[in-house]
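> Sending over a structure as structure tokens; questions will come in a sec.
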Amino acid sequence: MKRLVIGLGNPILGDDGVGWRIAEFVQHNPDLPAGVEIDYLAVGGISLMERLVGYDWAVLIDAIITHQHPIGTVISLNLDDLPDRDIGHLGSPHDATLQDALKMGRSLGADLPSVIMLVAVESQNIYDFSEELSPPVSTAIPQAAQRVLELLQSLPVESEPMIRPAH
């Protein structure tokens with residue numbers, strides 16, 4: 001089973017860099033299961049969908065602004081359950097949402113993950129030029145990284161085949 005973790009965001013735009021920081025934390029954690037690939041991207045939509053080709057399972061890590069939780073709250077859900085399809089790096093006014101890009105990719109026969117999870121941190125300052133995270137977002141990194149590791153450890157082991165649903 002090919003597994004991919006992607007830290008999304010821009011590390012020079014304040015809290016927008018939290019996805020990268022969490023991915024770094026996960027990458028250097030001794031509990032990271034063998035064979036998990038970690039990547040860092042500042043893309044969304046079709047470009048992000050293309051990066052997911054060839055993987056069975058993926059977790060995306062990003063800053064999120066819902067205005068429904070205190071800053072620094074860790075949120076995790078299946079990508080299909082995300083209420084706003086254009087949130088964070090999953091959409092762009094110049095591109096498709098990730099969900100639409102995935103639908104298009106699957107219709108064209110792309111080998112895309114059957115499960116895509118999102119782990120995000122409620123953020124606020126994602127447009128400020130800074131390499132520093134706000135204190136509540138920075139404090140959330142260990143908890144978010146632990147959530148990513150828990151998701152990875154809940155997967156079947158390599159020897160157990162995963163049945164992919166037909167798309």
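The values are calculated or read from the model by the stated rules, or taken from the named source; none is laboratory data. Predicted model only: the values in this text are computed from it and were never measured. So basically every Cβ, Gly included, is an ideal-geometry build from the backbone, and we count neighbours across all protein chains shown.
> Check 61, 38, 65 and return the single one that is more than 20 Å from residue 115 (Cβ to Cβ), buried (at least 16 other Cβ atoms within 10 Å of the Cβ) and of a type outside the set (Lys, Arg).
Checking each option against the conditions leaves just 65.
> Do any helices (runs of 4 or more DSSP H) lying entirely in segment 76-167 carry at least 2 residues that are under 19 Å from residue 60 (Cβ atoms) and at pLDDT 95 or above, and which ones are they?
Those helices (runs of 4 or more DSSP H) span 141-153.
> Looking at 46, 64 in this structure, which one is among the hydrophobic types (A, V, I, L, M, F, W, C) and either in contact with a His (Cβ under 6 Å, 6 or more places away or on another chain) or under 19 Å from residue 133 (Cβ atoms) (or both)?
64
> Just the residues that are among the aliphatic types (A, V, I, L, M) and either more than 9 Å from the chain's Cα centre (by Cα) or surrounded by fewer than 23 Cβ atoms within 10 Å (Cβ to Cβ) (or both), please, taken from segment 5-22.
If the condition is that a residue be among the aliphatic types (A, V, I, L, M) and either more than 9 Å from the chain's Cα centre (by Cα) or surrounded by fewer than 23 Cβ atoms within 10 Å (Cβ to Cβ) (or both), then 12, 13, 18, 22 are the ones that fit.
> Select from segment 23-35 the residues that are surrounded by fewer than 12 Cβ atoms within 10 Å (Cβ to Cβ), at pLDDT 95 or above and hydrophobic (A, V, I, L, M, F, W, C) and list them in ascending order.
Answer for segment 23-35, where residues must be surrounded by fewer than 12 Cβ atoms within 10 Å (Cβ to Cβ), at pLDDT 95 or above and hydrophobic (A, V, I, L, M, F, W, C): there is none.
> Could you list all residues from segment 1-28 that are closer than 16 Å to residue 74 by Cβ and either in contact with a Lys or Arg (Cβ under 6 Å, 6 or more places away or on another chain) or part of a loop (DSSP other than H, G, I, E, B) (or both)?
Matches in segment 1-28: 9 only.
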